[in-house]
Amino acid sequence: MYSFKNDYNQLGHKNIINRLNEIADNQYGGYGLDDISIQAKNKIRRMLGCNADIHFLVGGTQSNMIVISSILKPYQGVISADSGHINVHETGAIEHTGHKVLSLASKDGKLTSAMIENCLKEHYDDANAEHTVMPKMVYISNPTELGTIYSKKELRAIHEVCKEYGIPLFMDGARLAYLFDARGNDVYFKDLKDLVDVYYIGGTKCGAMLGEAVVFNDLSLSENFRYNIKQGGGLLAKGYLLGVQFDELFTDDLYLSLGKYGNKLADQLDVGLKALKVKMFVERYSNQIFPILDNRVIEKLKEKYAFEFWGKIDETSSCIRLVVSWATDQKMIEAFLKDLKELI
């Protein structure tokens, strides 16, 4: 059984595993204050082209929960697309901290500046606004849960609305590595300092064994953030385990090259599917592909491959999600396409 179910189904890149073995007998300070973590943060800052405040956390849900809860007051909520990870895949983690997710319907997984502005206006124009949750943050992911991406123009427009209303823009970068070489992308690391207020660089889904690097461009938002990390159970005693992984990912552009590899194979799979006349639920931009297949074909494929069932299309067909990663075997792309060709 070969898995296209997600992009975190393999342990970690060999450079990281080798480095961990090399330092196994060394001693380091705790809680991310060690020399390796400091070195890793400096490497990231050079890549970003700014003096951002950076913190290493274990995972995406934890990063979303701690960042959002640290910024919002008890009566405030966060705007998200209805398909946003914080709205559908985090077991109510945000609500658990006392903050409502204010979801907006989106067909492609993206928010627009107009959607956000309408939501904000609707609240502030309401004479009874104080009886409802105040929208005080915008959450997006890039790439989105549907693999779609935001252009620089779209991000700038959203950020302008956020600045007008005095609210931060938070970007979930769980799959950020797959953005930079995505089809049609024009957003790169050094652009982010002017486009979002806080975001995180996902390691779990691109080469790391675990870990995300939370980046605060707006330093006023990160005041006392380590207190929030500790309270949220995220201040890892062996913080150097996260630091060393990001130190490797940001050596010799490894992070970028892994994302590029994943997108290259995703493009190969996408081209192969279209050659077989397979319809898509959404167009492919990054490392996630959403083909629509006959239910009988899906059942046969499940005998050899793991993937996620995305949703029913009609009585005879459904959409599945295929995820290509930094570690996907190219031969398995070819095998999947060969097997599919024999079934349709």
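Some points to look at:
- Charge tally in the Cβ shell below 9 Å around Leu48, where Lys, Arg are +1 and Asp, Glu are -1, Leu48 excluded: +4
- Projecting label points 7 angstrom from Cα along Cα→Cβ for Lys238 and Ser3 puts them 2.1 nm apart.
- Calculated log₁₀ intensity ratio I(q)/I(0) where the Debye formula runs over C-alpha points of the chain, q = 0.07, 0.08, 0.15 Å⁻¹: -0.30, -0.40, -1.28
- Reachable lysines from Lys100, criterion Cα separation under 23 angstrom, eight or more residues apart if same chain: Lys73, Lys110, Lys121, Lys136, Lys163, Lys230
- Semi-axes of the equivalent ellipsoid for region 281-344, computed as √(5λ) from the eigenvalues of its C-alpha gyration tensor and ordered from largest down, come to 19, 15, 9 Å.
- Net charge of the neighbourhood of His99, taken over other residues with C-beta under 10 Å away and scored Lys/Arg +1, Asp/Glu -1, is +2.
- Here the chain is assigned +1 on the Cβ of each Lys and Arg and -1 on the Cβ of each Asp and Glu. Its dipole about the Cα centre then comes out at about 640 debye.
- In straight-distance terms, cross-link reach from Lys264 covers every one of the lysines whose alpha-carbon lies under 19 Å from its own, apart from those fewer than eight places away in the same chain; here that gives Lys5, Lys205, Lys274, Lys331, Lys338.
- Extension gain (nm, one decimal) between Gln231 and Asp191, 0.36 nm per residue minus Cα-Cα: 11.2 nm
- Cα-only Debye scattering, region 1-65: base-10 log of I(q)/I(0) at q = 0.11, 0.12, 0.13, 0.18 Å⁻¹: -0.41, -0.48, -0.56, -1.00
- GluC sites (Glu not before Pro) restricted to DSSP loop in region 247-344 with at most 15 other C-beta within 10 Å: Glu283, Glu303, Glu315
- Short-range pairs are left out: with C-alpha atoms under 8 Å and at least six residues apart, the relative contact order of the chain is 25 percent.
- Thr251/Lys153 FRET efficiency (R0 41 Å; Cβ-Cβ; nearest 0.05): 0.80
- Label positions at Gln10 and Ala335, each projected 7 Å from the Cα along the C-beta direction, are separated by 1.3 nm.
- Percent accessible area from carbon and sulfur atoms, region 151-260, protein chains only, probe 1.4 Å: 49 percent
- Nearby lysines by direct alpha-carbon distance to Lys41 (threshold 18 angstrom, same-chain neighbours under 8 apart not counted): Lys190, Lys193, Lys238
- Estimated translational D of region 199-344 in µm²/s (Stokes, Kirkwood radius over Cα pairs; 25 °C; 0.890 mPa s): 138 µm²/s
- Long hydrophobic helices in the chain, taken as whole DSSP H segments with a C-alpha length of 15 Å or more on their own axis and mean Kyte-Doolittle hydropathy at least 1.0, are absent.
- Extension gain for Asn224 to Tyr31 (0.36 nm times residue separation, less C-alpha to C-alpha distance): 68.0 nm.
The values are calculated or read from the model by the stated rules, or taken from the named source; none is laboratory data. Source: prediction; values computed, not measured. Reconstructed Cβ throughout: ideal geometry from the backbone, glycine too, with neighbour counts over all protein chains shown. Protein only, heavy atoms only, side chains kept; ligands, DNA and RNA dropped before computing areas. Shrake-Rupley method; radii C 1.70, N 1.55, O 1.52, S 1.80 Å.
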